[in-house]
Structure formats: structure tokens, C-alpha cells
Amino acid sequence: MTAGQLPRWVDLGLIPFLNLAAAFLVSGLVVVLIGENPLEAVQILVWGSLGYGEGIGFTLFYATNFIFTGLAVAVAFHAGLFNIGGEGQAYLGGLGVAFACLALDSVVPWYVTLPFAIIGSALTGAAWAFIPAWLQATRGSHVVITTIMFNFIASSLMVYLLNGMLKEQGSMQPETRTFEDGGRLPFLNDIFPSFGFGYAPVNLSLFLALAACLLVWLLIWRTKLGFEIRSFGANATAAIYAGISPVRTIVITMLISGGLAGMMAINEIMGSQHRLLIDFVTGYGFVGIAVALMGRAHPVGIILAAILFGMLYQGGAELSFEMPNITRDMIIVIQGLVILFAGALEYMFRPAIIRLFTPSQALKAKEA
Amino acid sequence: MFEDFILILDSTVRLSTPLLLACLAGLYSERSGVVDIGLEGKMLGAAFGAGAVAYITANAWLGLLAGIGVSVALGLLHGFASISNRGNQIVSGVAINFLAAGLTALLGQTWFRQGGRTPALPEGGRFTDVTWPMAEQLRDVPVIGPIYAELLSGHNILVYAAFLAVPLTWWVLFRTRFGLRLRAVGENPAAVDTAGISVTWLRYRAVIACGILCGFAGAYLSIAQGAGFGVNMTAGKGFIALAALIFAKWRPASAMLTCLLFGFLDAVAIRMQGQELPGVGEIPVQFFQALPYILTVILLAGFIGKAIPPKAAGIPYLKERS
């Protein structure tokens, strides 16, 4: 069952489609089990996420988060690494954004703060990925396990910091003070009032996310480093034999991955919340895994998958309003099913499809 | 002071029990070469199944059985993905964690309408503490009294089951033919296959054993330690168990000691909350919470001993190329 047995459109189009269809079919069954009408649920979900300006705004806002965390997982995938630590790296990324905003917000306008916020979030996110990366590269401790551990350590660290030195004086809430205008990204509703995004927090970070997609595409498919990353991921032994340094490749890939995850915090902290607070990541880092698997680790696929998950998040919120039985936990179920069918059961339909395609090809071979 | 110490040890035993059960569960799976990130999800699913059925039937044993059933079902799903379909074991484990987290909250809300929790258990729906004979009479005897009455007596039956599972696991893994084959399939599945033993069936049995023990762990949380299921009540315990498994280098006796250590850290953290330590000042609770993870990372880095996983762990077995 090697690649190339099947036409490209089947490998890249039909099989992912079947996997997704299976995931959504089972999700539909879960809805039936709860005693609601799945078709009606889909209708509400699509309308809630795409039916009006504000809904679209929220969908795009969530999608921005998922593009960043999806890219983070995808870059690591290309080097054969599984970065489960997006959650922790994004959390720490918030620290970098907050430092930049707290220091500059009352002094300079937002467009001066933004570069510092980008650098800050990428640095803190990358720093959180560095130790697992370095341990994997030099000590052989598995990056999956260490990044999971680092998620928990990040959570404890941030709770400690936000209850201590970062807390606003005189406040009971474990959060920083609210940023001034110099630490707030403009909402797209203020830039393009005609779209009618309303109160949706979608902001300039959306363009930052799209730029990151382009840069990741250039990096992976158009640079020497990208070639090294892909070679290392495809066959580490061969890559090392060809003179590619494993330590350098692992560490750099994980730093990029962690940096991308960290930049998610720009959208959430500088773009929407305007203060650093506890648990602002709330699973977005994990959604990145589903997004990267669904998007097949390609930026275009990731944008599409991120929008789909954005729809699920926004439409799901609407859905829990209209059908109180379907709580937002339904999204987590769908997420699990997507990861299961698009990831773990990736090969389930392959043998059947190969059987479907081989007879006709064998016939052609005979005729030739 | 001595009384305090006994009380801390007593809560250590209570807190380390679910870790120990989940850790031994992971031991079976990983020793057979199937990496299991999904311990957390299986525990959560089991806790829900146990809580729900124990509430409906008012029978703790049926609850336990339901918990085991849910957990084994999730384990078989993991097996289907990673053994039969040769999917990525990590991805499959992540999927199971999400499925369990989502489905338990969703179904809990639909069935019981208490925000995802299961209602408080009725009489008989919960494993109660077992008092050993003479415990009350011996309580006042110095030193031995508190140890007997507080530390050894007065736990529910699942606690004792967890600690009995340690020698049992050791015996199964190192003294039976099944155990030898299980360990072999985790190191060199091709050799086992050559000997005419089914790699698939062995690994499925390991995954089922893992499911059973995770079922105990989950049931402990919802119908022994607690009195009902709460949303996300495992709160990362499955991952601590995973850390403990690595820390114990995949060995049963070390697993018990590691889980006791992690349970002890937890107990101390609860005890130390808001208390000043002479010379050091107040140690933040978060430090104790993060300590098991930090210790595991340091161990993984090879600074205290070296944790070498089973050789074939995480690699799907391909019988022949086609």
C-alpha cells in the first residue's frame, strides 16, 4: 500500500473527504442520540456562523487562532515531530504580548507596539518549545511526552504569575490591568464598517495569520531549511547521512512551531481581551492538532480547516442557544471525531479504495 | 506532629490510588508496544459510566462494571485505530481524550440536566470505607494505633484493590507465559510473530487489560472517593499517571512508589496551602502542582537515571509488505 498506487486526486481529495464525512456522520449520530434533529442542527450551525456579519466576524476570529496553532502543529509534522505543546506555548506567548503591551501601550500607538508584541509572543512561545526540543535532539527524550508535561507546567506558572507579580494592584482578579489604546489592535469592524462585523472581535491579526501561512509555505517548500525539515521528517536516517544536522533541524523546527503557537496570543490578548488573563487559550492549542491533520499540514488546507473549526465554534455557540441540549461540548466531540478519522484512522478506507481502483488499472495494463 | 504526618500519609494513599490504577493500566499497554496518551480519557469515560450507572441502579458494583465497560470500549477503539489500522498511536490517544471529555459532559447534561454532573449517589451507590477489625479499640495505642486505625484501616475496597494490583501485575508480567509474550511483543514483535504467536491478539489483550484498570481508576474517582461524576473530574490525573509510568521506567513496584510520591506531593501541597515554611517562606501551591511534571522532564532528560521505553513502543506492526 505505497503512495502512487492511487491517482493523486484520490489520495489528496477523495480519502480526506471520506474521512471527514465519516467524522461528521458519527457527529450526526451523536446528535440523534441526544434526541435532536441533526439536519436542523446543521442549519442553525451554518446560519449562526455564516448567516450574518457578526457571525462571520466571530467565525473569522476563531479561525485566526486556529490558523496559528494549526500552522504550529503542521511545521513540526513536516520534521516528523508531534508538538502537543501548542496549548502551553500559546499560553506563554500571552506573556510576551502582555510585556510588550504593558510597557508601551501608554507611550506609542498600536502599530509601534505590534512588532514588539509579535517578537515577544514568538520569543516566549519558542522559548517554551526550546527545552522539549533540545531534550529531544540531544537526550532523546520524546517530544510528545515533554510537551505534554510543559503544558501543565505552563498552566501552573501562569496561574502563579497572574496571582502574583502580574496582577493589577488592588484587584482581586488574577489578570493584568487593561491595556490602553496603544496596546489594542483595531477591530476589523472599525476598518471595514460596511461588512457589519458588529461586536465580533475579529481584528488585524487575521491578516497576520494569513501572512504567516504564506511565510510557512515559502519556508517549507521554497527554502533550503524547509527542504532539510522535510527530508528529516521523511527519513531521518537518510537526512543525517546527507549531512543534515538532526540537532539543528529539530531545535529550529520546534522553535518555529512554538513561535507560531505563541503568536496566537496576539489575536486573543492584544486583539480581543486587551489584558492577560488565566486560561485564555482554552483548548485552541489542541484544536491546532485537528486543524493540521485535516489540512494535511499544508497552509491552504489549514486555512480551510481553521475556517471550518471557526464555524464549529461560533455556530456551536449559536446552536447551544437554540438547542439547549447540544452544549458546546458537542464541538469537543466533533473535534475528537475529526482527529480520530482524519488522523488515527487515516488508512481505514484505503484498502477498500485501492481494491476499487486496481482492477481497472490492471485491465489497462493488459490492453497496453 | 506525628498525628499530622499520619494524616498526610493517609491522604497520600487516597490521592495516589487513581494514579496507581491508571499507571498500571498504562504499563500493560505500553509494555506491549502500544503507547497510550488516552489514559486520561479512559479514566474520565469510566468515571462517568460508573457515576451514571451507580446512580440509576444504586449499586456500586454495577457502577464499577459500567466504568470498566466504557473504558474497555474506548481501549478497543484505540486498539482498532492503532493495532488493526496501524494509525498513529499518539493521535488516536489524543482523539480519545477529546471524545471522552466531550461525550461525558454532553451526555451528562442530556441525561441528568445538572450541568454535566451526575446526581449525588443514593445509598449503596458508593464504595464505603472498610474499617478493619479492632481499629477503634487500637486507636489510642501509641504509634501503632494511628498507623493501624488511620493509615491501614478505613479506606474503600478499591484502594486495597489498587495496591494488590501491584504484585499481581508483577506476577502476570514476569512470571507467566502471557507476560513474557506481552513484554516480548513490546520489544521485538517480529520475533513473537515468527514464533507463531499473534501480535495483534496479544496487543488487543494488553489494551483490554489497560481498559479494565482505567475503569477501576475512573470508578474510584466518581463512586468511591467522590459521590458522583463531575465535568472533567480527572483534571490531568491521567497525564500524571503517564508521567509516573515513565518515572517508574515501566516497572510495577517502581510505579507504586512513584505514584505514592506524586500523591504525597499533592497531599503536602494541600496541607501547605498558605503556610509559611521556616527559612523559605510560603511555597506557592502551583510549585507542588507542577513538581511531578518537572521531575518527569528531568528524568526524561536522563539527569536521574535513564528511562528507556519498550523498544517497539509507538511503532505499528506490519506483518508483511505488499
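The values are calculated or read from the model by the stated rules, or taken from the named source; none is laboratory data. What you see is a predicted model, and the numbers here were worked out from it, not measured in a lab. So basically every Cβ, Gly included, is an ideal-geometry build from the backbone, and we count neighbours across all protein chains shown.
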Does the range B:227-237 contain any residue that is within 20 Å of B:Leu65 (Cα to Cα) and within 14 Å of the chain's Cα centre (by Cα)?
yes
Residue by residue through the range A:243-258, note down the ones that are touching a helix residue (DSSP H, G or I) at 6+ places or on another chain (Cβ under 7 Å), more than 20 Å from A:Thr69 (Cβ to Cβ) and not β-branched (Val, Ile, Thr).
A:Pro246
What tally of residues in the range A:136-160 results from selecting those that are part of a loop (DSSP other than H, G, I, E, B) and in contact (Cβ under 8 Å) with a residue 60 or more places away in the chain?
0
For the structure I just gave you, tell me whether B:Ala219 is more than 14 Å from chain A (Cβ to nearest Cβ), free of Cβ contacts under 8 Å to residues at least 40 places away in the same chain and surrounded by 20 or more Cβ atoms within 10 Å (Cβ to Cβ).
no
Identify, please: which residue in the range A:1-14 is farther than 20 Å from A:Ala292 by Cβ and part of a loop (DSSP other than H, G, I, E, B) and is, among those, modelled with the lowest pLDDT?
A:Met1
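Please enumerate the residues belonging to the range B:234-249 that are surrounded by fewer than 22 Cβ atoms within 10 Å (Cβ to Cβ) and in contact (Cβ under 8 Å) with a residue 12 or more places away in the chain.
Initially, the range B:234-249 is screened for residues surrounded by fewer than 22 Cβ atoms within 10 Å (Cβ to Cβ), giving B:235-236, B:249.
Matches in the range B:234-249: B:Gly236, B:Lys249.
Please verify whether the range B:276-296 includes one or more residues that are on the phi > 0 side of the Ramachandran plot and modelled with pLDDT under 85.
yes
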For A:Gly301: the one exception among (1) surrounded by fewer than 23 Cβ atoms within 10 Å (Cβ to Cβ); (2) more than 14 Å from chain B (Cβ to nearest Cβ); (3) outside any helix (DSSP H, G or I):
(3)
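Would you tally the residues in the range A:307-350 being polar (S, T, N, Q) and away from chain B (no Cβ under 11 Å)?
The initial filter retains those residues of the range A:307-350 that are polar (S, T, N, Q), namely A:314, A:320, A:325, A:327, A:335.
Checking which are away from chain B (no Cβ under 11 Å) leaves us with A:314.
Residues meeting the conditions: 1.
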Scan the range A:15-44 for residues that are more than 20 Å from A:Ile326 (Cα to Cα) and either modelled with pLDDT under 85 or assigned to a loop (DSSP other than H, G, I, E, B) (or both) and jot them down.
A:Ile15, A:Pro16
Can you pull out the helices (runs of 4 or more DSSP H) entirely within the range B:45-160 that have at least 3 residues that are under 30 Å from B:Ile8 (Cα atoms) and either more than 20 Å from the chain's Cα centre (by Cα) or within 14 Å of chain A (Cβ to nearest Cβ) (or both)?
B:135-138
Inspect the range B:66-79 for any residue being out of contact with any Pro (no Cβ under 7 Å at 6 or more places or on another chain), of a type in the set (S, T, N, Q) and modelled with pLDDT of 95 or more and give the result as yes or no.
yes
Residue in the range A:351-359 that is surrounded by fewer than 19 Cβ atoms within 10 Å (Cβ to Cβ), at the interface with another protein chain (Cβ under 9 Å from one of its Cβ atoms) and modelled with pLDDT under 85 present
no
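Might you check whether a residue that is surrounded by fewer than 24 Cβ atoms within 10 Å (Cβ to Cβ) and either farther than 30 Å from A:Arg177 by Cα or touching a helix residue (DSSP H, G or I) at 6+ places or on another chain (Cβ under 8 Å) (or both) occurs anywhere in the range A:259-271? Steps first, answer last, please.
Initially, the range A:259-271 is screened for residues surrounded by fewer than 24 Cβ atoms within 10 Å (Cβ to Cβ), giving none.
Scanning the range A:259-271 turns up no residue that is surrounded by fewer than 24 Cβ atoms within 10 Å (Cβ to Cβ) and either farther than 30 Å from A:Arg177 by Cα or touching a helix residue (DSSP H, G or I) at 6+ places or on another chain (Cβ under 8 Å) (or both).
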Single match in A:Gly70, A:Gly94, A:Gly125 (criterion: more than 20 Å from A:Val216 (Cβ to Cβ), buried (at least 18 other Cβ atoms within 10 Å of the Cβ) and more than 10 Å from every other protein chain (Cβ to nearest Cβ))
A:Gly94
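Only one residue in A:Gly120, A:Gly170 is away from every other protein chain (no Cβ under 14 Å) and in a helix (DSSP H, G or I). Which one?
Numbers: A:Gly170 fails: in a helix (DSSP H, G or I).
The conditions single out A:Gly120.
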How many residues of the range A:161-201 are free of Cβ contacts under 8 Å to residues at least 24 places away in the same chain, aliphatic (A, V, I, L, M) and more than 20 Å from A:Tyr62 (Cα to Cα)? The answer is 2
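Within 14 Å of chain A (Cβ to nearest Cβ) and of a type in the set (Lys, Arg), is that true of B:Arg31? So that I can check it myself, show each step before the final result.
Working: within 14 Å of chain A (Cβ to nearest Cβ): no; of a type in the set (Lys, Arg): yes.
The answer is no for B:Arg31.
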Sole exception among (1) among the hydrophobic types (A, V, I, L, M, F, W, C); (2) in contact (Cβ under 8 Å) with a residue 12 or more places away in the chain; (3) crowded, with 20+ Cβ neighbours inside 10 Å; (4) not in a loop (DSSP other than H, G, I, E, B) for A:Val281, by number
(4)
Between a residue in the range B:286-298 that is free of Cβ contacts under 8 Å to residues at least 40 places away in the same chain and more than 8 Å from chain A (Cβ to nearest Cβ) and any residue that is part of a helix (DSSP H, G or I) and not β-branched (Val, Ile, Thr), which pairs come within a Cβ distance under 8 Å, given they are 6 or more apart or on different chains?
B:Phe288/B:Leu265; B:Phe288/B:Asp266; B:Phe288/B:Ala269; B:Phe288/B:Met272; B:Leu291/B:Leu265
